[in-house]
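First the structure, in the form of structure tokens, and then the observations on it.
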Amino acid sequence: MEKKLRSVEVCKLLNGYELSLTLHEFKSNKPGPTLGLSAAIHGDEDLPIEILRQFSLELENLNFKGRVLMLPVANPIALGTFTRNTPIDMSNLNRIFPGSKEGLLSEKIAYAISTEYIPQVDCFLDFHSGGAVPTVEYTLTYPNNEELGKMIGQKYLYVKNALPGSMAYYLAQKNKPVAIVEIGGGGRNNKYYIKQGLTGIKNVMKYLKMIDGEPNILEKQYNLKELISIRSKNGGIFNPNLSIGSMHSVVSKSDLLGITYSPYTFEEIEHFYGPFNRNSIVLLKEDVCRVESGEVMFMIGNMDTAEQI
Ligand SMILES: [Zn+2]
């Protein structure tokens with residue numbers, strides 16, 4: 001196995017530093033496909049970086065075919081400020097693909113990824129996380145990538161076309177199989193999610209015949225036919241009723257999921273409930289926190305229409 005670090009130059013910044021992206025290449029001497037793995041396209045999603053680092057250590061002793069090409073930090077500027085968007089131009093890097101060489105800074109980053117990285121990969125896992133506060137757990141795949149999404153091994157799969165301008169949307173346009181792995185965040189259950197991520201990547205390598213063996217996936221996985229985001233109507237202080245354990249249980253329509261109250265008067269201003277008779281929570285905020293109007297508070301699947309796969 002040959003291991004190389006490669007640098008993809010983006011531009012020179014005002015502070016004099018060169019902005020570049022760092023690619024990790026792990027190349028076997030046996031032919032096979034190239035698996036792309038990327039993280040931190042949103043700068044507040046740091047857990048998947050650790051998943052990729054631990055996986056890079058495992059790769060040293062893994063007898064595999066083909067090549068793994070990793071981009072642990074897709075948006076170094078946003079990682080520096082621990083923000084979802086690039087603070088210099090306020091852009092969401094994951095909405096402006098394929099980017100432009102002459103565009104905004106974020107568009108230049110997207111262009112570098114589209115031209116220097118994506119053409120080299122055959123199959124792609126795009127790692128995301130809940131960010132600083134929320135915790136999330138599900139896999140999103142395209143209709144014809146369902147089997148790939150299943151291989152991540154998470155309990156919930158959601159099959160839908162990704163948003164235009166996202167990296168996954170661009171990959172799909174180029175006919176490259178892609179799964180978006182939404183994993184962990186909020187500093188909760190990190191060991192569990194790291195293990196889940198590592199298992200998921202190895203499952204995909206087995207699926208692609210890059211390594212031998214049977215994929216290790218949950219006995220019961222569900223395809224969520226309906227998945228909705230609940231946003232806060234008003235800003236306030238959020239006081240949750242759910243804990244991280246609720247990610248794996250089904251919550252009824254009458255169960256109060258949490259409230260927000262005014263930090264000024266302490267008056268209760270919003271009560272949150274699941275919209276379905278049987279709600280499966282795939283994103284939640286476990287602790288008391290401030291929330292602004294319009295923030296995603298929960299992502300909830302309908303267990304009555306979910307299909308076991
Ligand atoms: Zn993200």
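The values are calculated or read from the model by the stated rules, or taken from the named source; none is laboratory data. Owing to the predicted nature of the structure, the values given are computational and were not obtained by experimental measurement. As a convention, Cβ positions derive from the backbone with ideal geometry for all residues, glycine included, and neighbour counts pool all protein chains shown.
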Just to verify a result, which residue in region 77-91, among those that are touching a residue at least 24 places away in the same chain (Cβ under 8 Å) and surrounded by fewer than 17 Cβ atoms within 10 Å (Cβ to Cβ), is nearest to the ligand (Cβ to nearest atom)? 82
Does any residue of region 29-40 turn out to be within 15 Å of the ligand (Cβ to nearest atom) and among the β-branched types (Val, Ile, Thr)? no
Residue that is away from the ligand (no atom under 13 Å from the Cβ), in the same structural domain as residue 129 (by TED's automatic domain parsing) and in contact with a His (Cβ under 7 Å, 6 or more places away or on another chain), where the choices are 7, 56: 56
Matching entry among 234, 241, 216, 203 (being in contact (Cβ under 8 Å) with a residue 12 or more places away in the chain, polar (S, T, N, Q) and touching a Leu at 6+ places or on another chain (Cβ under 6 Å)): 241
Over region 133-155, the set of residues of a type in the set (D, E, K, R) and within 16 Å of the ligand (Cβ to nearest atom) is 137
Taking the stated definitions as given, is residue 100 away from the ligand (no atom under 15 Å from the Cβ), surrounded by fewer than 22 Cβ atoms within 10 Å (Cβ to Cβ) and either of a type in the set (S, T, N, Q) or over 25 Å from residue 149 (Cβ atoms) (or both)? yes
Members of region 115-157 found to be touching a residue at least 40 places away in the same chain (Cβ under 8 Å), in contact with a Ser or Thr (Cβ under 7 Å, 6 or more places away or on another chain) and of a type outside the set (D, E, K, R), listed by number: 120, 121, 127, 136, 148, 152, 153, 154, 156, 157
Reported set for region 290-309 where residues are within 17 Å of residue 239 (Cβ to Cβ) and surrounded by fewer than 16 Cβ atoms within 10 Å (Cβ to Cβ) is 290, 292, 293
Residue that is within 15 Å of the ligand (Cβ to nearest atom) and touching a Gly at 6+ places or on another chain (Cβ under 8 Å), where the choices are 169, 158: 158
Conditions: (1) in contact with a helix residue (DSSP H, G or I) (Cβ under 6 Å, 6 or more places away or on another chain); (2) free of Cβ contacts under 8 Å to residues at least 24 places away in the same chain. Residue 281 meets all but one. Number of the miss? (2)
Odd one out for residue 45 among (1) within 12 Å of the ligand (Cβ to nearest atom); (2) out of contact with any strand residue (DSSP E or B) (no Cβ under 6 Å at 6 or more places or on another chain); (3) of a type in the set (Asp, Glu): (2)
Are any of the residues in region 223-234 surrounded by 16 or more Cβ atoms within 10 Å (Cβ to Cβ), β-branched (Val, Ile, Thr) and within 30 Å of residue 268 (Cα to Cα)? yes
Just to be sure before I move on: is residue 220 more than 30 Å from residue 40 (Cβ to Cβ) and modelled with pLDDT under 95 in the structure I sent? yes
Could you please find all residues in region 103-132 being within 16 Å of the ligand (Cβ to nearest atom) and at pLDDT 95 or above? 106, 109, 110, 113, 124, 125, 126, 127, 128, 129, 130
